Amino acid sequence: MANGERIFIAIKPDGFQRSLVGEIIKRFEQKGFRLIAMKLIQASEDLLKEHYIHLKDRPFFDGLVKYMQSGAVVAMVWEGLNVVKTGRVMLGETNPPDSKPGTIRGDFCIQVGRNIIHGNDSVESAEKEIGLWFQPEEMVYYKSCSQSWIYDE
Ligand code: DAT
Ligand code: MG
């Protein structure tokens, strides 16, 4: 089912410390996406090195892992039609100065090394990262009472 597309979203330690958790969750909720998993964790170095393995040769890799490991992360799975494409638009660009006002990074952060939120750029990476951060039993499946007011079929 197309509405069953999923994205892994993580509010990074800076987003958490800056009390942006409610604001970020609100944006996904109000858009109409469904929250199907969420937890507050301090991620291990091993998990973060695996999560960012595609960036392991970049000069900022060690700093990135250290920053992500430095505090609480709110890990979430959101579901909905085109949630990956739309979620990336909602996040804004990787580099905050390239992000438009109205996007999360455009509204709330300044530097790429403190860009407050993570979200996948493809359905394939979403499924991979959901598997890395969550066990299948951590997903909560429920019928949304607003489903027919958000989708026309
Ligand atoms: P995104 O998080 O938008 O998917 P990415 O996957 O290219 O971006 O990089 C992952 C994270 O790495 C990014 O959110 C912040 C950090 N990063 C990327 N480029 C960086 C740079 N030039 N300097 C410092 N950190 C960087
Ligand atoms: Mg990325």
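The values are calculated or read from the model by the stated rules, or taken from the named source; none is laboratory data. As the structure is a prediction and not an experimental result, all values here were calculated from the model. Reconstructed Cβ throughout: ideal geometry from the backbone, glycine too, with neighbour counts over all protein chains shown. The accessibility values were calculated without ligands, DNA or RNA, using every heavy atom of the protein model including side chains. Shrake-Rupley method; radii C 1.70, N 1.55, O 1.52, S 1.80 Å.
How high is the relative contact order of the stretch 1-116, in percent, with contacts defined as C-alpha pairs under 8 Å that are six or more residues apart? Mind showing how you got there, number by number?
On the way: 175 pairs, mean separation 43.2, N = 116.
The value is 37 percent.
In whole percent, how big is the carbon plus sulfur part of the accessible area of the stretch 70-118, probe 1.4 Å, protein atoms only? Before the final figure, lay out each step's value.
Working: 1170 of 2210 Å².
Looking at the stretch 70-118 in its full context, I get 53 percent from C and S.
Kindly state, as a whole number, the per residue volume in cubic angstrom of the convex hull around the alpha carbon atoms of the chain.
Working: hull volume 17.1 nm³, N = 153.
So the per-residue hull volume is 112 Å³.
Let me know the charge dipole size of the stretch 1-120 about its Cα centre in debye, to the nearest 20, where only the beta-carbon of Lys, Arg (+1) and Asp, Glu (-1) is charged. Spell out each step's value before the answer.
Values: 17 positive and 13 negative charges, 45 e Å.
Computed about the Cα centre, the dipole is about 220 debye.
Tell me the net charge near VAL73. Cut-off is 11 Å between Cβ atoms, VAL73 excluded, with +1 for each Lys or Arg and -1 for each Asp or Glu.
Details: positive: LYS12, LYS39; negative: ASP14.
Net local charge, VAL73 excluded: +1.
Sorted by mean Cβ packing within 10 Å, highest first, what order do the peptides 69-79, 139-149 take? Don't jump to the answer; show the numbers that get you there.
Values: 69-79: 19.5, 139-149: 9.8.
By packing density, highest mean first, the sequence is 69-79, 139-149.
How much accessible area per residue does the chain have, in Å², with a 1.4 Å probe?
Working: 8710 Å² over 153 residues.
The answer is 57 Å² per residue.
In deg cm²/dmol, rounded to 500, what helix-only [θ] at 222 nm does the chain give when every DSSP H run of at least 4 residues adds -39500 (n - 2.57) and the total is split over its residues?
Working: 8 runs with 61 residues, N = 153.
Calculated at 222 nm, the ellipticity per residue is -10500 deg cm²/dmol.
Could you sort out which of LYS39/LYS100; LYS66/LYS143; LYS12/LYS56 sit more than 27 Å apart by Cα distance in this structure? List each step's numbers first, then the result.
Working: LYS39/LYS100 29 Å; LYS66/LYS143 39 Å; LYS12/LYS56 19 Å.
Correct reply: LYS39/LYS100; LYS66/LYS143.
How would you order 45-57, 14-26 from highest to lowest mean count of nearby Cβ atoms within 10 Å? Intermediate results must be reported in sequence, preceding the final value.
Details: 45-57: 13.4, 14-26: 16.0.
Per-residue Cβ counts within 10 Å, averaged per peptide and sorted highest first, yield 14-26, 45-57.
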